[in-house]
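Asks: After the structure tokens below, expect a handful of questions from me.
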Amino acid sequence: MVGAPPEKRGLRLFPPHSPTVPGCTPASHRGPTSLPARGGRKTVGNPEATTHPRCRKGSHVTTSTTQKNNRQNNRKTGTEPASRTGQDAKTGAEVTEPATQPRNAPVSEWEVGTTVHVAPDTLLIERNIRDAQPDKDLIDSVREFGVLEPVSVVITTDGDALLVRRGHRRTLAAIAASRATIPAYIAGIDSLAKDAEVERVVTQREENTRRIGLTTGDEVRYVETLAGMGLSAAQIAKRGKVKRADVDNALVVIGSDLARKAADRYESLTLDQIATVAEFENDPETVKALIAGAATRQFEHVAQRARNDRAEAQFKAALVAALEAEGVRVVERPDTAGALDRYKPTIDGEVFTADTHRQCPGHIAWLGTDWVTVGKDGNPVIEPDEPTEPEGGWASEEDEEAAWAAYDAAEEKAYEEARRVNRPVAVYGCENPTGHGHIDRHGVSSYSPAKTKAADMTDDEREEARKARALVIENNKAWDAAETVRREWVKATFGARKSAPKGAAAFLAIALADDTYTVNNPGHGALSISAEWIGDRAKIATQAAKATEGRALVLALVQILAAYESHMTRDEWRRDGTTTATGRYLRFIESCGYPLSDVEKYATSKKTA
């Protein structure tokens, strides 16, 4: 038996030895040794050292026979010397420290079937079938709450020590956490008989394989119980040792009967996934798709597509309501219709606008899509007004420069983390521009083949054209959803990563060799993308100057990935992905663990839909 971990006191502690056991000497226990064939015991203070079979006697922190005998007497009488002696780990000099931890009760008070409180560093460790080292989380928990479940111990056959039978990790965690005592249930008397040893090994496995951890539903009820006691989300996170994001997700789930049922039924779903189910509780079809998507690693893609479809429906409803409020007839675009920006009333006239065409009997509108620049809040970016020269001119050049500087700052703020998204827009047109005498300002192109009108197609041709158009719309929407999921994944995966993933150096080399244009001419969004992932240029430079080699490589990698992202378009799925830059990029992040969506898989292969 030895004291608390040496790193806690700067002492080098030797494992115990028993001069009564043949071959058992201090030298035989100094440093790691192989476990004996049967019956060996580990000492708590030095898990790498082992005692010989039945060797359970020894001093606390010294190897001298006198001190060993004193230690045994002290343990048996329940007393403890005023100090302990050991060697300084650096100098080797003998040092003495006060004995501050309480010792165990006298041996005479040990009784099978009772629970006692003992100093964890006085316990002997039974050999275990698995690595029983505690992790940081367990040590932190024991430091704050103590050992909540008593360890199971047996009295050694010579009656002078307690041997841990179950609870090795808790015991070691208590030592690392400097706990004075831990509860221990005395289960019986140790035996080295073969049947007893077999039972020991079998029960070790049974104990560790029959356990059931908390389910997602249990975690939700845990947060609900604390919230019912009046704790705020912040208090639950702090006192309950739960991540704030998990607390917030649990609170969302609590308010949804459907999500709570899903949490209990589908134990494989994570808390954030269950919160997403709650988000769509009024959309049963989407919930079914989410549950199915979780089994194929497509959950996030399904969720983002559903969010995009919901947002699109909301935008369309708002547009239709606004158009109808203006008295505009909203229709599905007819084959004969044309957008107003193509027509004018006369050869010399101005192109129609919604206001100038309003009186035409064919005035209609339909819903189309267009690229819109939105800010980080998702709303269209509103550019600031340029400064105008005041009456009488600028008072000074400094005033003019200050005005423009303020404008530049406002514009930069407006476009902070801005991105381009495809949104529904109102398209004004004429139901029959030719019939109403409008002039096509473009005339008829002499180099563009005339597009076959639907009226001139056969039924089969019309059906094929409809399917082709539907496929384009579907895959374009799927690509938009995948872009959001993909970029969030890259940020979460590489944003704070300290070392590059396997294959990163090769990928960068290939990028510089095969995708020179993409790497050297990043799109206009590359800077904002990389800024969202790891910070703007100034922050990246600062990070790189202080970074390790591994982190610096990650910073370089992320900027290259942002360049690829900035060059990608909605129709990547139509191209042969075996030869494109997009295909190389997607295959790389897939190798790092990213789950490709179905439409992204098209962009990595010859198959294009």
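Asks: Once fully extended, how much extra length lies between V112 and K194, figured as 0.36 nm per residue of separation less the alpha-carbon to alpha-carbon distance? Walk me through the intermediate numbers first.
Replies: Details: separation 82, 0.36 × 82 = 29.52 nm, distance 2.16 nm.
Taking V112 through K194 to full extension adds about 27.4 nm, to one decimal.
Asks: Excluding ligands and nucleic acids, what accessible area in Å² is computed for D272 using a 1.4 Å probe, to the nearest 10?
Replies: Solvent-accessible area, nearest 10 Å²: 80 Å².
Asks: Say each of T203 and Y517 gets a label point 7 Å from the Cα, pointing the same way as Cα to Cβ; how far apart are those two points in nm?
Replies: 7.3
Asks: Could I ask something else about it? Sorted by accessible area (1.4 Å probe), largest first, how do E600, E224 line up? Walk me through the numbers before you get to the answer.
Replies: Details: E600 0, E224 65 Å².
Highest to lowest solvent-accessible surface, that is E224, E600.
Asks: Taking 22 Å as R0, compute the FRET efficiency from the Cβ-Cβ separation of D440 and A465 and round it to 0.05. Let's see the in-between values first.
Replies: Numbers: r = 23 Å, r/R0 = 1.05.
Calculated value: 0.45.
Asks: Also, I was wondering about something else. Which length gain, in nm to one decimal place, applies between R310 and T296 when the Cα-Cα distance is subtracted from 0.36 nm times their residue separation? Intermediate values should be presented prior to the final figure.
Replies: Working: separation 14, 0.36 × 14 = 5.04 nm, distance 2.29 nm.
This chain segment gains 2.8 nm when fully extended.
Asks: Further question: Residue farthest toward the positive end of the dipole of the range 305-421, with Cβ of Lys/Arg at +1 and Asp/Glu at -1: which of A365, I347, P387?
Replies: Result: A365.
Asks: For H117, what accessible surface area do you get with a 1.4 Å probe? Give it in Å², rounded to 10.
Replies: 120
Asks: Order D121, D341, D536, D460, most accessible first, counting only protein heavy atoms with a 1.4 angstrom probe. Working shown, then result.
Replies: On the way: D121 5, D341 95, D536 70, D460 120 Å².
Heavy-atom accessible area, descending, gives D460, D341, D536, D121.
Asks: Same structure again: Sketch the reach of a paramagnetic label on V472 as a point 7 Å from Cα along Cα-to-Cβ, and name the residues of the range 369-389 whose backbone nitrogen lies under 13 Å away.
Replies: Taking a point 7 Å out along Cα→Cβ of V472, the residues of the range 369-389 whose backbone N falls under 13 Å are 369.
The values are calculated or read from the model by the stated rules, or taken from the named source; none is laboratory data. Computed from a prediction, not measured in an experiment: that's the story for all the values here. Note that each Cβ is placed from the backbone with ideal geometry, even for glycine, and that neighbours are counted across all protein chains shown. Remember, those area values only see protein heavy atoms, side chains included, never the ligands or the DNA or RNA. Shrake-Rupley method; radii C 1.70, N 1.55, O 1.52, S 1.80 Å.
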